[in-house]
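Undergrad: Before anything else, here's the structure in question.
The values are calculated or read from the model by the stated rules, or taken from the named source; none is laboratory data. In this text the structure is predicted, and so the values were computed from the model without any measurement. Reconstructed Cβ throughout: ideal geometry from the backbone, glycine too, with neighbour counts over all protein chains shown. The area values use the complete protein model at the heavy-atom level, side chains included, leaving out ligands, DNA and RNA. Shrake-Rupley method; radii C 1.70, N 1.55, O 1.52, S 1.80 Å.
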Amino acid sequence: MPTISRDEVAHLARLARLAVTEEELDLFAGQLDVILTSVARVRQVATEDIPPTSHAIGLEDVFRDDLPGPCLTQQQALSGAYATEDGRFRVPRILDES
Amino acid sequence: MSQLTRLSAAELAERISRRETSAVEVTQAHLDRIGAVDPVVRAFLHLDAEGALAAAAAVDEGLQHGDPAASPLAGVPLALKDVFTTVDMPTTCGSRILKGWRPPYDATVTRKLREAGVVILGKTNMDEFAMGSSTENSAYGVTRNPWDLDRVPGGSGGGSATAVAAFEAPLAIGTDTGGSIRQPSSVTGTVGVKPTYGGVSRYGLVAFSSSLDQGGPVARTVLDAALLHEVIGGHDQLDSTSIDAPVPPVVAAARAGATGELTGVRVGVVNQFRGEGYQPGVLRAFEIAVGRLRDLGAAIVEVSCPAFDYALPAYYLIAPSECSSNLARFDGMRYGLRCGDDGTRTAEEVMSLTREAGFGAEVKRRIILGTYALSAGYYDAYYGQAQKVRTLIIRDFAAAFEKVDVLISPTTPTTAFRLGERVDDPLAMYLSDLCTIPSNLAGNAALSVPAGLADDDGLPVGLQVMAPALADDRAYRVAAAYEAARDATDGDPLWSRVPDLTEDRSPGPSIGTEDRSPGPSIAEVVGR
Amino acid sequence: MTAGMTTELMDYDEVVARFDPVLGLEVHVELSTATKMFCSCPNVFGAPPNTRVCPTCLGLPGSLPVLNRAAVESVIRIGLALNCSIAPWCRFARKNYFYPDMPKNFQISQYDEPIAVHGSLELQLGDGSTFTVGIERAHMEEDTGKSLHIGGRTGRIHGASYSLLDYNRAGVPLIEIVTKPIVGAGARAPEVARAYVTALRDLLRALGVSDVRMDQGSLRCDANVSLMPRGSSVFGTRTETKNVNSLRSVERAVRYEMCRQAAVLASGDEIVQETRHFDEASGTTSTGRRKETSEDYRYFPEPDLVPITPSDEWVEKLRTTLPELPWQRQARVQAEWDLSDLELRDLVNAGALDLIAATVDAGAPPAEARSWWVAYLTQQANARGVELAELGINPHQVARVIALVGAGTLTNNLARRVVDGILAGEGEPDDIIATRGLAVVSDESALAAAVEQALAAQPDVAAKIRGGKVAAAGAIVGAVMKATGGKANAQRVRELVLARCAP
Ligand SMILES: [Zn+2]
């Protein structure tokens, strides 16, 4: 039984905003199944009392003083934009609020 | 080829600071070399000859005025992986989605290089967003291994390693998330270092997997790598994960090591990284290296790190998870590629088309994999479990470093593989990082130093030296001692044996596009 | 529900007779730190678009967040003021979802490890009762940019042909304060909701951590409302109403949702779990985004930030910086001014407590400050139909008037005329005294002349006084007061009259 179905891959691609093709779906579903089956080995490790590590080097309490610094200019901020208008990024219509 | 391109960075800097040669001359020599060999190896995505010569001229001018050299590497040329932001050059990360993007800011590493008077020649090729072990995942074509043009230069930093191996630059900067500095160095016969996580600022390093990414030096000698390490290392207030402590004394360690004494140093050989799946020639080269270390006075100890067996699967859950989030920002709204904006489509549709057209297959695979591993129903089983395995790996390292000063292994199980050989087999590709990944997961320092050529295929083998976090200097000391001993035994340094690429050699079948621009499939995607 | 259909509402009395409302209030407050949450861009309102941005808040590739210490201190102080426990260890997570106003397509927020948990806020309701709202958590997150929708009906998202984005607000520090389910408020639920947001606003203002301007969006409230049949303890399906941008709207939105949901339930239908939008103009809520599948935000610990471990010393040091909080002030004032509970409640209800306290702070004796605000000024406010705070006189002005009375410069009568002048917008008390000529005549020679004149005008009375009939002096004093237009100090006039008529 595959670890991950084609439908599941399609759902994940939608969630990740990837307009994948049908051919890609076929390809990825197969490859991801192989990869997942392989990485699922981590589940064999007994880790009941093991805390997870999100940061390998255990730093804590790193803060910045509340002092203003330089900003980009509006021109710099917009320099990479595909389209701009009135000092703002112009984007296609947004469907609905999140 | 100008002899200047065969000198070490340390030597070049010496000559420049003594004004025996000028930084401009040195830069020009390397630009000439790039002109001669880059059409064959294709290490660079972008060259900035004008900017480099201007930076070199500024160094010369300062020295002429009697100013002290800005750093021990002032005037030395360098190749920068195209994953660090630069205001004066594009930053593409080897991806179509960032084609031509000019960041409005410099990475901290970029700034430190400039301040040190290091001359940035250009930006090097890489697997897209640093995901890969062969540089074949670049949207801008492949880079070829100078030792054998039909083979990969490793990845993701194949461009940086190749630039150094092919004498296009004495120094390069790479980034290492699962081995992307060390594995290319191993297969190109160069020295590559992944410093302790937090040792080099990640500000301006386009993130692949934030908790694993680390910038580091690539060079032809251990001392050169150490000199570069000290230039780019150190605390940065713009990176919360940057370690607020002095850079470990890596240059001193490299110099001390080169005197060739390892008496009293305990070297652990990791049991898990030998045996099945390893190329026999690699294992034999490794055994010879172990013997040399013993000859230098090191005490060799067998060490078992059982959790390392689970490092690869843990990595392939953690890195894709973080990447799925880090790469979400590439949506065509604020910068980079935008596809399908015909005035009728919604932002959501345009985002999806842009990302589909802008990302290559490996990036999409990992984004989907990471999206899966972080999903509500799977988080504990995959991402959460991988983070626990990470704890076990840290514990294995800690236990090992109770017994030994450094750990060693082959850097990668095989020598350079052929172009195209693993492209369609992600799992086989992932195995390239088998030995390098544990140090990314644990955050400790590790490097790869050339360990001669494999006797079965005549290609470079790397010796990986791993040291505890913040003890990067230990790895340098051992590597420098080993390097000196190997050069002495072999009669010449390994790097000097790279084939002369200017000879008439067939570059093999053309792979990738000729103009360093990605293919035309954007139109195909949008046209759907 | 399709547009155009009239929404059925149940009569409020019937709603509360049949159902128990359960509320959950989520308040987002923008901190007034000098810089943003994770970068050093100035945190200001109203700058030209995309001029208060940097690589970090613009989400540029390679940028990294660094946490603002002042934001952490603010949330710890808020937590302490809300009687929360401060977590000894907490961190940030990434909340992943795509939306164009979010530069990274994830929001850095606190998820399962918030910095402040399990607090409470006590409210005073109009009838004098108190109601305690449990606080689930207060956590840090970053604000989003602002979008402008072009081409649709005036700035509405529906029907727009494209949008324009300004990221100046992106990365502004936000604190989200979430209540525990508020049960048992019954018919008072809308009032409780309003009182909660009011109390929270006053608290945040006293802490000095935010502008708390609902009109500018620096304080925003989402109201979760559900109903359960009376006597049941099983929560119903809830709706989340967003865009509730004034205190009055909080009350109206809750009340509207109660009536709407009750009608739906009474008709046998089910409540749809959804986000609803409150419309200020009509006072109604309308259906917003209906979640197809439950949102999967794929939270995971933010790898670019390190954990926060507030030490006891740090927390206790911050505790000492807490100002007197609204309820602490009430308790203190009640004791100091010796008020009954009823008197205190009247002061609180009239909104007079802060004004009186400020008047006292400005130097006035408490009794007089209280008397001015609850008597004459309350009368004036009632006559004008405005709140005391909006009457047009400030505590400093009241304190000055009281001081002038104390110094004998004004009589009580004159003081009221000065106050009338202030309310009429004529300026400060001293200006009004000058322009209206209201000061008590205290020039001895002028007074002596006036006394002389009055005695001369009424020789018979003068004779009586000289003859020892001291009581007769009143007539002369009255004449002098009349002659000076009431601006003389009657006591002094009397003294002068008696001295002049001494045998
Ligand atoms: Zn910023």
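Undergrad: Considering every residue within the range C:191-208, establish whether at least one is within 16 Å of the ligand (Cβ to nearest atom) and among the charged types (D, E, K, R).
TA: No: the range C:191-208 contains no residue that is within 16 Å of the ligand (Cβ to nearest atom) and among the charged types (D, E, K, R).
Undergrad: What single numbered condition from (1) open to solvent by less than 60 Å² (accessible area, probe 1.4 Å); (2) under 20 Å from B:Thr412 (Cβ atoms) fails to hold for B:Asn271?
TA: (1)
Undergrad: From the list C:Ala170, C:Ala160, which one is within 16 Å of the ligand (Cβ to nearest atom) and touching a Gly at 6+ places or on another chain (Cβ under 9 Å)?
TA: C:Ala170
Undergrad: Check off (1) closer than 30 Å to B:Lys364 by Cα; (2) of a type outside the set (A, V, I, L, M); (3) surrounded by fewer than 19 Cβ atoms within 10 Å (Cβ to Cβ); (4) within 8 Å of chain B (Cβ to nearest Cβ) for A:Pro51 and give me the number that stays unchecked.
TA: (1)
Undergrad: Exactly one of these conditions fails for B:Val187: (1) among the β-branched types (Val, Ile, Thr); (2) over 18 Å from B:Gln464 (Cβ atoms); (3) in contact with a Leu (Cβ under 8 Å, 6 or more places away or on another chain). Give me its number.
TA: Tallying (1) among the β-branched types (Val, Ile, Thr); (2) over 18 Å from B:Gln464 (Cβ atoms); (3) in contact with a Leu (Cβ under 8 Å, 6 or more places away or on another chain), B:Val187 fails exactly one: (2).
Undergrad: Regarding B:Asp176, is this residue over 25 Å from B:Val363 (Cα atoms) and open to solvent by less than 10 Å² (accessible area, probe 1.4 Å)?
TA: no
Undergrad: Looking only at residues in the range C:167-178 that are closer than 12 Å to C:Ser218 by Cα and not in a loop (DSSP other than H, G, I, E, B), which one is nearest to the other protein chains (Cβ to nearest Cβ)?
TA: Residue satisfying both the conditions and the ranking: C:Pro173.
Undergrad: Looking only at the range C:430-466, count how many residues are within 51 Å of the chain's Cα centre (by Cα) and aliphatic (A, V, I, L, M).
TA: Count: 9.
Undergrad: Could you list, in sequence order, all residues of the range C:467-499 that are more than 16 Å from C:Ala456 (Cβ to Cβ), of a type in the set (Gly, Ala, Ser) and within 51 Å of the chain's Cα centre (by Cα)?
TA: Within the range C:467-499, C:Gly485, C:Gly486, C:Ala488, C:Ala490 meet the criteria.
Undergrad: Further question on the same structure: Within the range B:239-255, is there a residue that is touching a strand residue (DSSP E or B) at 6+ places or on another chain (Cβ under 8 Å), assigned to a loop (DSSP other than H, G, I, E, B), open to solvent by 20 Å² or more (accessible area, probe 1.4 Å) and at positive phi?
TA: no
Undergrad: Further, regarding this structure: If you take the residues of the range C:70-91 that are part of a helix (DSSP H, G or I), more than 16 Å from the ligand (Cβ to nearest atom) and open to solvent by 10 Å² or more (accessible area, probe 1.4 Å), which of them is farthest from the other protein chains (Cβ to nearest Cβ)?
TA: C:Leu80
Undergrad: Within the range C:384-423, count every residue that is among the hydrophobic types (A, V, I, L, M, F, W, C), within 27 Å of the chain's Cα centre (by Cα), within 23 Å of C:Gly486 (Cβ to Cβ) and in a helix (DSSP H, G or I).
TA: Summing the residues that are among the hydrophobic types (A, V, I, L, M, F, W, C), within 27 Å of the chain's Cα centre (by Cα), within 23 Å of C:Gly486 (Cβ to Cβ) and in a helix (DSSP H, G or I) in the range C:384-423 gives 6.
Undergrad: Just for the range B:462-483: of the residues that are outside any strand (DSSP E or B) and under 20 Å from B:Val282 (Cα atoms), which one is most open to solvent (accessible area, probe 1.4 Å)?
TA: B:Glu483
Undergrad: Now for a different question. Looking at C:Phe45, C:Phe38, can you tell me which residue is of a type outside the set (A, V, I, L, M), modelled with pLDDT under 95 and assigned by TED's automatic domain parsing to the domain that holds C:Gln216?
TA: After ruling out the rest, the residue left standing is C:Phe45.
Undergrad: Continuing with the same structure: Can we say C:Arg370 is surrounded by 21 or more Cβ atoms within 10 Å (Cβ to Cβ) and either within 25 Å of the chain's Cα centre (by Cα) or free of Cβ contacts under 8 Å to residues at least 12 places away in the same chain (or both)?
TA: For C:Arg370, the condition - surrounded by 21 or more Cβ atoms within 10 Å (Cβ to Cβ) and either within 25 Å of the chain's Cα centre (by Cα) or free of Cβ contacts under 8 Å to residues at least 12 places away in the same chain (or both) - is met.
Undergrad: Going residue by residue through the range B:229-238, is there one that turns out to be of a type in the set (A, V, I, L, M, F, W, C) and under 21 Å from the mean Cα position of the chain (by Cα)?
TA: yes
Undergrad: Look at the range C:22-54 and say how many of its residues are open to solvent by 10 Å² or more (accessible area, probe 1.4 Å), farther than 14 Å from A:Asp66 by Cβ and either within 13 Å of the ligand (Cβ to nearest atom) or at the interface with another protein chain (Cβ under 7 Å from one of its Cβ atoms) (or both).
TA: 6
Undergrad: Out of the range B:423-458, which residues are open to solvent by 10 Å² or more (accessible area, probe 1.4 Å) and in a loop (DSSP other than H, G, I, E, B)?
TA: If the condition is that a residue be open to solvent by 10 Å² or more (accessible area, probe 1.4 Å) and in a loop (DSSP other than H, G, I, E, B), then B:Val423, B:Asp424, B:Asp425, B:Leu434, B:Asp455, B:Asp456, B:Asp457, B:Gly458 are the ones that fit.
Undergrad: Further, regarding this structure: Listed residues C:Ser210, C:Ser232, C:Ser226, C:Ser218; which is out of contact with any Asp or Glu (no Cβ under 8 Å at 6 or more places or on another chain) and either open to solvent by less than 10 Å² (accessible area, probe 1.4 Å) or of a type in the set (Ser, Thr, Tyr) (or both)?
TA: Criteria check complete, one pass: C:Ser226.
Undergrad: Being crowded, with 16+ Cβ neighbours inside 10 Å and hydrophobic (A, V, I, L, M, F, W, C) narrows it down to one of C:Val477, C:Val470, so name that one.
TA: After ruling out the rest, the residue left standing is C:Val477.
Undergrad: Here is a follow-up. Mind telling me which of the residues A:Asp33, A:Asp86, A:Asp7, A:Asp26 ends up being of a type in the set (D, E, K, R), open to solvent by less than 40 Å² (accessible area, probe 1.4 Å), more than 10 Å from chain B (Cβ to nearest Cβ) and more than 23 Å from B:Thr177 (Cα to Cα)?
TA: Only one candidate passes the filter, namely A:Asp33.
Undergrad: Please enumerate the residues belonging to the range B:364-386 that are without any contact (Cβ under 8 Å) to a residue 12 or more places away in the chain, in a helix (DSSP H, G or I) and more than 7 Å from every other protein chain (Cβ to nearest Cβ).
TA: Correct list: B:Asp380 only.
Undergrad: Same structure again: Which of (1) in contact (Cβ under 8 Å) with a residue 24 or more places away in the chain; (2) within 16 Å of the ligand (Cβ to nearest atom) is the odd one out, the single condition C:Pro61 does not satisfy?
TA: (1)
Undergrad: Could you list, in sequence order, the residues of the range B:332-363 that are touching a Ser or Thr at 6+ places or on another chain (Cβ under 6 Å) and either facing chain A (nearest Cβ under 7 Å) or over 28 Å from B:Gly155 (Cβ atoms) (or both)?
TA: Listed by number, the residues that qualify are B:Gly332, B:Arg338.
Undergrad: Continuing with this model, one more query. Looking for whichever is outside any loop (DSSP other than H, G, I, E, B) and under 27 Å from C:Pro103 (Cβ atoms) here; the options are C:Leu164, C:Leu200, C:Leu265. Which one fits?
TA: C:Leu164
Undergrad: Could you give every pair whose Cβ atoms fall below 9 Å, whose first residue belongs to the range A:61-80 and is near the ligand (Cβ under 10 Å from one of its atoms), and whose second residue is among the hydrophobic types (A, V, I, L, M, F, W, C) and open to solvent by 70 Å² or more (accessible area, probe 1.4 Å), counting only separations of at least 6 or pairs across chains?
TA: Within 9 Å, no pair qualifies.
Undergrad: Any idea how many residues of the range C:382-404 are open to solvent by 90 Å² or more (accessible area, probe 1.4 Å) and over 13 Å from C:Gly351 (Cβ atoms)?
TA: Of the residues in that region, 3 qualify.
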